[in-house]
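Below is one structure, written out as structure tokens; the observations come after it.
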Amino acid sequence: MSETKRTGLVLAREGGRFRVATGEGEIVAVLRGKARRDAHDRVVVGDRVVLDEGDAALGIAGITGIEPRRNLLERRTPRGRGNRPVAANLDRVFVVTAAADPPPVPQLLDRLCAIAEANEIPVALVVNKTELDPAGAEALAARYRLASYATYLVSARSGDGLERLFAELRGRESLLTGASGVGKSSLLNRLQPGLGLRTREVSERIRRGRNTTVAAAIVPIDGGGWLVDTPGFSEVGLWGIEPRELASCFPEMREPLERCKFPDCTHRTEPGCAVTQAVAAGRIAGERYQSYLVLLEELRSAPEEWE
Ligand code: GDP
Ligand code: ZN
């Protein structure tokens, strides 16, 4: 028996089974031994797992451990009731919107950005359908550049801007999220014909099978890298961000919030608040600040709904 460790990439979870990509192709695996005890419910897409020889006759291998993770996107639950991991080892979360049809919902975009920030995963904004409203697309992107985010103005229809975006996806490990209809599948199909379609099939299957909002599946990109498709990522709440943590999930607020007069400043109406001063001075976009206020209220008033 070979001494070299056999590892694989978890592509999807289907009940108690995992689809795992290995050097020799895709296999099915189940948790075994210590991994079964310790990692139950903790193995997620994007995880690199250690595999045993498995049962060749059944075509099922055992997962005996998880390799150390670079990061973990998780849905945190309040009051220490345990976090729900979604995907591991991400280079970046791409928040996708359309310039129009459907109209952008800044508050949803800011919510998705904040979730990724809370998990310390870099975020970028993709504005698709730019040909429908070039000026609106640019204004939207400007707001996020002010927040220090990389922005990609693209049109899956005309092809504008796609190469710059695809160069960021190839060879990397990314998660795409955004409201339905913004053009995620269309973008994936331009990146790699058939990709968006497959993504959708897998996620529908998992959604039906598990009746959950957090199941996710991975699609490898030809030539390297992969993408995570997360059904329902946009429907969940703020994943247990503490109200006092929220401002630091808005990168453009980090520097001013250090200078607020009161250390427990909520950046609403307190005197000597450097955040509201930065909003007045145009260094923080008004819409982003409005999203902060709405999300803060949500966190303060309805913690139970996070479950
Ligand atoms: P998803 O739900 O985010 O995966 O969105 P889809 O990829 O299914 O796209 C939703 C609709 O928007 C489809 O009718 C697409 O043809 C259309 N669409 C996608 N990209 C563009 C674009 O760049 N411009 C325009 N005008 N329509 C687009
Ligand atoms: Zn303040």
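The values are calculated or read from the model by the stated rules, or taken from the named source; none is laboratory data. As the structure is a prediction and not an experimental result, all values here were calculated from the model. Here the Cβ is made from the backbone with ideal geometry for all residues, glycine too, and neighbour counts use every protein chain on show. SASA here: full protein model, heavy atoms, side chains in, ligands and nucleic acids out. Shrake-Rupley method; radii C 1.70, N 1.55, O 1.52, S 1.80 Å.
Before moving on, here are some points about what is shown:
- Label-point separation, Glu53 to Glu258 (7 Å along Cα→Cβ), nm: 5.7 nm
- Accessible area expressed per residue, the stretch 243-305, with surrounding protein chains retained (probe 1.4 Å, Å²): 54 Å²
- Relative protection proxy for 126-135, 279-288, 185-194, from highest mean packing down: 126-135, 185-194, 279-288 (other beta-carbon atoms within 10 angstrom).
- Calculated on the Cα set of the stretch 243-305, radius of gyration then Dmax: 11.2, 36 Å.
- Solvent-accessible area, 1.4 Å probe, carbon plus sulfur percent, for the stretch 6-66: 50 percent
- Lys261 exposes around 140 Å² of accessible area when a 1.4 Å probe is run over every protein chain in place.
- Förster radius 30 Å - calculated FRET efficiency between Ser186 and Ile60, Cβ distance, rounded to 0.05: 0.25
- When restricted to Cα atoms, the stretch 43-160 yields an Rg and a Dmax of 19.2, 60 Å, respectively.
- Maximal additional length on extending the Arg300-Ser158 stretch stands at 46.8 nm, based on 0.36 nm per residue less the C-alpha distance.
- A 1.4 Å probe run over the stretch 33-186, with the rest of the protein chains in place, finds 43 Å² accessible per residue.
- For the residues Ser301, Ser248, a 1.4 Å probe over the protein chains yields an accessible-area ranking, largest first, of Ser301, Ser248.
- The stretch 22-36 - phi-based ³J(HN,Hα) in whole Hz, Karplus 6.51/-1.76/1.60, Gly and Pro as x: 10, x, 9, x, 7, 10, 9, 9, 10, 6, 10, x, 4, 4, 5
- Rounded to the nearest 10 Å², the accessible area of Cys249 at probe 1.4 Å: 10 Å²
- Inverse of mean 1/r across different Cα pairs in the stretch 6-66, Kirkwood, Å: 11.0 Å
- Thr7, Thr269, Thr151, ranked by accessible area, largest first (probe 1.4 Å): Thr269, Thr7, Thr151
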